[in-house]
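Taken together, the values in this text are just the output of simple stated rules run on the coordinates, not laboratory data. Just so you know, these numbers come straight off a predicted model, no measurement behind them. A quick note on method: Cβ atoms are made from the backbone with ideal geometry, for glycine too, and the neighbour counts reach across all protein chains shown.
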Amino acid sequence: MMMDIYVGNLPAYSDKKFLQEIFEEYGKVNIVSLKKEIVDSKLIKYAIIKIFDEKSAKKAIIDLDGHQLGNSIIQVNRARTGVKDRRKDTRVGGRRDYDPQVL
């Protein structure tokens, strides 16, 4: 069964081929999806890597989490698929039944 792995805090020079070479030491890599975001005017680079074998993926997570790549200590864990990014949520908090006239 295939597993998605999140790899965060990647150095700027990381590319798909570089990441594929690292993770193929643990098993067959199906897809490497490299992402970039700007948060607080800082470039954040991360990847989602799909590894064909779940056992190999778990070994990669254990071995590579906290590993140093260049000047960065990478974060490696199981990707949370289907989780909405709360930073992009435009909904404002508060009670829906709030009526300022009642105060």
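What the table shows:
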{"item": "For A79, residues with placed amide H under 5 Å, excluding near neighbours", "result": "D4, I5, Y6"}
{"item": "Estimated inter-spin distance, K58 and R80, nm [label 7 Å along Cα→Cβ]", "result": "2.1 nm"}
{"item": "From phi via Karplus (6.51, -1.76, 1.60), per-residue ³J(HN,Hα) for the range 6-12 in Hz, x at Gly/Pro", "result": "8, 10, x, 6, 6, x, 4"}
{"item": "Theoretical gain in end-to-end length, L34 to K16 [0.36 nm per residue, Cα-Cα removed]", "result": "5.8 nm"}
{"item": "The range 1-84: trypsin sites (Lys or Arg not before Pro) falling in loop per DSSP and having at most 15 other Cβ within 10 Å", "result": "K28, R80, K84"}
{"item": "Rounded to whole Hz, the Karplus (6.51, -1.76, 1.60) HN-Hα couplings of the range 47-63, x for glycine and proline", "result": "9, 10, 10, 9, 10, 4, 9, 4, 4, 5, 5, 5, 5, 4, 4, 4, 6"}
{"item": "Amide H within-cut-off set for L69, under 5 Å, with H built and near neighbours excluded", "result": "I74"}
{"item": "Only Lys, Arg (+1) and Asp, Glu (-1) charged, at Cβ; the range 3-81 dipole about Cα centre in debye", "result": "200 debye"}
